[in-house]
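The values are calculated or read from the model by the stated rules, or taken from the named source; none is laboratory data. Just so you know, these numbers come straight off a predicted model, no measurement behind them. Cβ: placed from backbone, ideal geometry, glycine included. Neighbour counts: every protein chain shown.
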Amino acid sequence: MDEIPSGLKDVKIWSKDEVTLVCVENFDDEMKELLKKRLAEICWGPTANGSSLVAESYKETMRSLWARVKKKPAKTKIGMVGELLTHLFLAEPGRGFVSVNCMFNLEEASIKKGFDLVLKAEHSTELFLVEVKSSAVQSTKASAKLFKLLKVSDKDIAGKLNNPADNLWSNALSHCSSALRKTDLRDRIEEILGQYRDESLALPTSDTRNVILSGVSFNGAKGFCDPVELCALATSYTKWGNYKSLTLFVLEKDTYEGVLSFIQNEAA
């Protein structure tokens, strides 16, 4: 895999073909500033950029985020941090994708249900559906753990796309309407999602959808995986679901607690 510039001194990124690996070596002040800059956009959608609403301010968004996760079990907290970091790096400006949804659930004070992310190609209206799976390494080798997370992610989104799922597309439509300002672009994306919704009822299928599988691993003191080894595992596997296109995004960090502590302190 080729290492590409991340713009952050403690973040390394490798990429080859359709596989991208991000290693967050230290959740430092630079990373915290990036999260501060993009938090409202990630949680509420792109309409929060430049918003004058108090509820969409950085401080209130942090408070809302902490309120949604503070009493949740560890598994849910790990999943939330994994989704947050996936939003932060996968839908980063200049990397090819733009988010057309929110991380927050619009119906209740929790994290989003349905598709974990819905992204638009930066220079077209092509849509990409993202499934995120996150976990600690535990006793498994780092590369094997990430590969396992990708396979679980694959199984879950294939199940969503190949079975009637009106609520998934209704949710995606609702998020798009909330996340994007009223423009011709939003109208076009809503039209596409509406078409997907109808198709999922008549003939649900995954082979006409662009899919991104995301695996996020919190490695503790066990160390990061070898990028070449991970890429070899992912590209040699022949049982991925049948999609219009498939992209693999994996991210490693030492622990999830550092992000949670930052959110808790900022929300105070």
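Which of the residues spanning the stretch 123-141 are closer than 21 Å to N171 by Cβ, part of a strand (DSSP E or B) and of a type outside the set (K, R)?
Selection gives L127, F128, L129, V130, E131, V132, S134.
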Practice problem: Please go through the stretch 196-213 and pick out each residue that is crowded, with 17+ Cβ neighbours inside 10 Å and not in a loop (DSSP other than H, G, I, E, B). | Solution: Y196, R197, S200, V211, I212, L213
Quiz item: Checking E56 against (1) under 23 Å from G114 (Cβ atoms); (2) over 19 Å from the mean Cα position of the chain (by Cα); (3) among the charged types (D, E, K, R); (4) surrounded by fewer than 17 Cβ atoms within 10 Å (Cβ to Cβ), which test does it fail?
Solution: (4)
Quiz item: Of the residues K37, K32, K120, which is out of contact with any helix residue (DSSP H, G or I) (no Cβ under 8 Å at 6 or more places or on another chain) and either more than 26 Å from D254 (Cβ to Cβ) or part of a helix (DSSP H, G or I) (or both)?
Solution: K37
Quiz item: Among the residues of the stretch 12-23, is there at least one that is in contact with a Ser or Thr (Cβ under 8 Å, 6 or more places away or on another chain), charged (D, E, K, R), without any contact (Cβ under 8 Å) to a residue 40 or more places away in the chain and more than 23 Å from N210 (Cα to Cα)?
Solution: yes
Quiz item: Within the set of pairs 6+ apart or on separate chains, which have a first residue in the stretch 68-83 that is touching a residue at least 60 places away in the same chain (Cβ under 8 Å), a second that is among the basic types (K, R), and C-beta atoms under 6 Å apart?
Solution: V69/K77
Practice problem: State all residues of the stretch 220-245 that are surrounded by 18 or more Cβ atoms within 10 Å (Cβ to Cβ) and farther than 16 Å from K141 by Cβ; if no residue qualifies, say none. | Solution: G241, Y243
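Give me a count of the residues in the stretch 239-268 that are under 17 Å from V152 (Cβ atoms) and not acidic (D, E).
Residues of the stretch 239-268 under 17 Å from V152 (Cβ atoms): 239-241, 243, 246-252.
Now narrow it down to the ones that are not acidic (D, E): 239-241, 243, 246-251.
Residues that pass the stated criteria total 10.
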Quiz item: Scanning for something of a type outside the set (D, E), over 23 Å from K75 (Cα atoms) and touching a residue at least 40 places away in the same chain (Cβ under 8 Å), does the stretch 211-221 turn up at least one residue?
Solution: yes
Practice problem: Give the stretch 94-131 a look and list any residue that's more than 19 Å from K160 (Cα to Cα), at pLDDT below 90 and among the small types (G, A, S), or say none. | Solution: G94, G96, A109, S110
Quiz item: List, please: which pairs have Cβ atoms under 6 Å, are six or more places apart or on different chains, and start with a residue in the stretch 120-148 that is in contact (Cβ under 8 Å) with a residue 24 or more places away in the chain and end with one that is part of a loop (DSSP other than H, G, I, E, B) and β-branched (V, I, T)?
Solution: K120/V100; K145/V137
Exercise. State the number of residues belonging to the stretch 161-195 that are surrounded by 19 or more Cβ atoms within 10 Å (Cβ to Cβ) and either among the β-branched types (V, I, T) or in contact (Cβ under 8 Å) with a residue 40 or more places away in the chain (or both).
Key: 10
Practice problem: Check the stretch 250-268 and report whether any residue there is over 22 Å from the mean Cα position of the chain (by Cα) and assigned to a loop (DSSP other than H, G, I, E, B). | Solution: yes
Quiz item: Using beta carbons and a limit of 8 Å, which pairs, at least six apart or on different chains, have the first residue in the stretch 232-244 and in contact (Cβ under 8 Å) with a residue 40 or more places away in the chain and the second one surrounded by 13 or more Cβ atoms within 10 Å (Cβ to Cβ) and aromatic (F, W, Y)?
Solution: L233/F147; A234/F147; Y237/F147
Quiz prompt | Residue match in the stretch 207-221 (condition: touching a Leu at 6+ places or on another chain (Cβ under 7 Å) and among the charged types (D, E, K, R)) | solution = yes
